[in-house]
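Visitor: To start, I am sharing the structure in question, which I have written as structure tokens.
Please treat every number below as a calculation from the coordinates, not as lab data. Bear in mind the structure is a predicted one, so any value in this text is a computation, not a measurement. Cβ atoms come from the backbone with ideal geometry, glycine included; neighbour counts cover every protein chain shown.
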Amino acid sequence: MRAYIASTAFYVPTDVVTNAELISRYGIDTTNEWIVQRTGIEQRHFAADGTGTSDIALPAAREAIERAGLVPDDIDLIIFATLTPEHAFPGSGCYLQAMLGIPGVPAMDIRNQCSGFLYGLATARSFVETGMYKNVLLVGGEKHSVGLDLSTAGRSVACLFGDGAGAVVVRSTDDPERGIHWMNLGADGRHADVLVQRVWNTRTRPFIKLNEDGDGIVPKADLWTHMDGKHVFKNAVEKMLLSIMGMCMENKIDPTELDLVVCHQANMRINEYVRDQLGLPAEKVPNNIQKYGNTTAATIPILLSELERDGRLKPGMKVALVGFGSGFTWGSAYLVW
Ligand code: UT7
């Protein structure tokens, strides 16, 4: 028995924020040219106040279930990959489960940042292939806009991220060719503080600082994501490349035999570098970061869904998935679609 991705879907909030609007709406001292040249990003989507991460995920989840020919009651496990859950606990998976109207179905969150979807896929695959669960709903969803310093001081991070969700249903197939043939995950916690948000800290009591009146105060700097961009960039290129090369060796295929390499969308320059090193043409390493920015756990399922909808991802294709992010964490998968 082999697990496969039976359906894909995605949702992004309707409010489109172009690079020019980072300047006009928020007064950030930046230029469209700087952002496009360094990252490839032209715009991102921001969700409205009052919308939580699970609300963004709900339309994608419903559509993925429908496209798999199922109804919510058929789902027997929810895996929600996110670094922006509504609350510290419980996880977004529980909120999503309630909205899908399927009480009793197990729901777990995966907190592995940009690699969250791949960690979730490995988890879904294991549950399906051991026979424990039949229909697993795997979601990657983020609401980044509320955690960005949308001022000039935060511009190097604020210009990168967007809100959105992608969802897939993982099931088993009897087709000997099709499905998830191989996966690999990795982490290197020595770099944990290189890309981090310290809004709470359980090393100190209480875990959020209090002022003299006993009210909670979060130092502004702790609200926002901290990133050593150059260090992340260098490690992303190296680990993504090594991951794909390892995948090809293990599966005895040449990178040029791959029909599609679906990379996490953190920076178009990272993906172009990986593509050039693999000697692949542009159409085999597609990007959509131009439209959505970095939606962390949602980038890979959003891109898969777009590729499937516009006919670039077809049954029988040899597909590699690869991602890298905070932790550091990374992962890759080899699938026959
Ligand atoms: O998905 C999680 C993984 N994340 C990533 O993979 C991100 C990896 N890193 C990157 O994508 C890049 O490092 C960034 C796009 C974040 C930054 O690009 P960079 O080429 O590393 O630029 P930098 O941070 O070294 O900044 C260069 C200059 C600085 O000015 P000075 O100090 O040289 O005068 C920045 O202040 O560019 C300035 N800058 C900006 N200027 C205009 C930084 N952000 C901006 C901005 N607009 N938005």
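Visitor: Identify which of Pro206, Pro103, Pro301 has the largest mean-square fluctuation in a Gaussian network model of the chain, with springs joining Cα atoms closer than 10 Å.
Guide: Pro206
Visitor: On to the next question. Taking just the alpha-carbon atoms of segment 148-302, what radius of gyration and Dmax come out, in angstrom?
Guide: Values for segment 148-302 (Cα only, Rg and Dmax): 19.6, 66 Å.
Visitor: Can you list the aspartates and glutamates whose alpha carbon sits under 19 Å from that of Lys252, skipping same-chain ones fewer than 8 residues off?
Guide: Glu177
Visitor: In whole Hz, what ³J(HN,Hα) sequence does segment 326-337 give by Karplus (6.51, -1.76, 1.60; θ = phi - 60°), x for Gly and Pro?
Guide: Taking θ as phi minus 60°, the curve returns 3, x, 4, 9, 7, x, 8, 9, 10, 10, 10, 6 Hz for segment 326-337.
Visitor: For the chain, set up a GNM with springs between Cα atoms under 10 Å and report which of Thr30, Thr14, Thr204 has the largest fluctuation.
Guide: Thr204
Visitor: Also, I was wondering about something else. Distance from the Cα centre of segment 104-174 to that of segment 240-318, in angstrom?
Guide: 17
Visitor: Taking the alpha-carbon set of the chain, what are its Rg and Dmax in Å?
Guide: 19.4, 66
Visitor: Continuing with the same structure: Could you pull out every residue, at least 5 positions away or on a different chain, whose amide H is within less than 5 Å of the one on Tyr26? Hs are placed 1.01 Å off N in the peptide plane, and Pro or chain starts have none.
Guide: none
Visitor: Mean residue ellipticity at 222 nm from the helices of the chain, using -39,500 (n - 2.57) per DSSP H segment of n ≥ 4 over the full residue count, to the nearest 500 deg cm²/dmol?
Guide: Taken over the chain, the calculation gives -9500 deg cm²/dmol.
Visitor: For His144, which sequence-distant residues (separation of 5 or more, or a different chain) have an amide H within less than 5 Å of its own amide H, given hydrogens modelled in the peptide plane?
Guide: Asp163, Gly164
Visitor: After finding the eigenvalues of the alpha carbon gyration tensor for segment 7-109, what semi-axes result from the square roots of 5 times each, listed largest first in whole Å? Walk me through the numbers before you get to the answer.
Guide: Working: eigenvalues 222, 47, 25 Å².
Equivalent-ellipsoid dimensions as semi-axes: 33, 15, 11 Å.
Visitor: With label points built 7 Å along Cα→Cβ from the Cα atoms of Val196 and Ser126, find their separation and express it in nm.
Guide: 2.6
Visitor: Compare the peptides 284-291, 217-224, 74-81, 119-126 by average per-residue count of other Cβ atoms within 10 angstrom and give them in order, highest first.
Guide: On the way: 284-291: 19.0, 217-224: 13.2, 74-81: 24.6, 119-126: 22.8.
Averaged packing, sorted descending, gives the order 74-81, 119-126, 284-291, 217-224.
Visitor: Ok, one more. Wrap a convex hull around the Cα atoms of segment 2-173, take a quarter of its surface area, and give that in square nanometres.
Guide: Numbers: hull surface 41.0 nm².
The Cα convex hull of segment 2-173, projected and averaged over all directions, gives 10.2 nm².
Visitor: Most mobile of Asn201, Asn271, Asn211 per a Gaussian network model of the chain (Cα springs, under 10 Å)?
Guide: Of the options given, Asn211 has the highest mean-square fluctuation.
Visitor: May I ask which of Lys143/Lys291; Lys230/Lys291; Lys209/Lys239 have a Cα-Cα span longer than 25 Å here? Mind showing how you got there, number by number?
Guide: On the way: Lys143/Lys291 16 Å; Lys230/Lys291 23 Å; Lys209/Lys239 36 Å.
Correct reply: Lys209/Lys239.
Visitor: Further question: Restricting to Cα pairs below 8 Å that are 6+ residues apart, what does the relative contact order work out to for the chain? Please round to a whole percent.
Guide: 26
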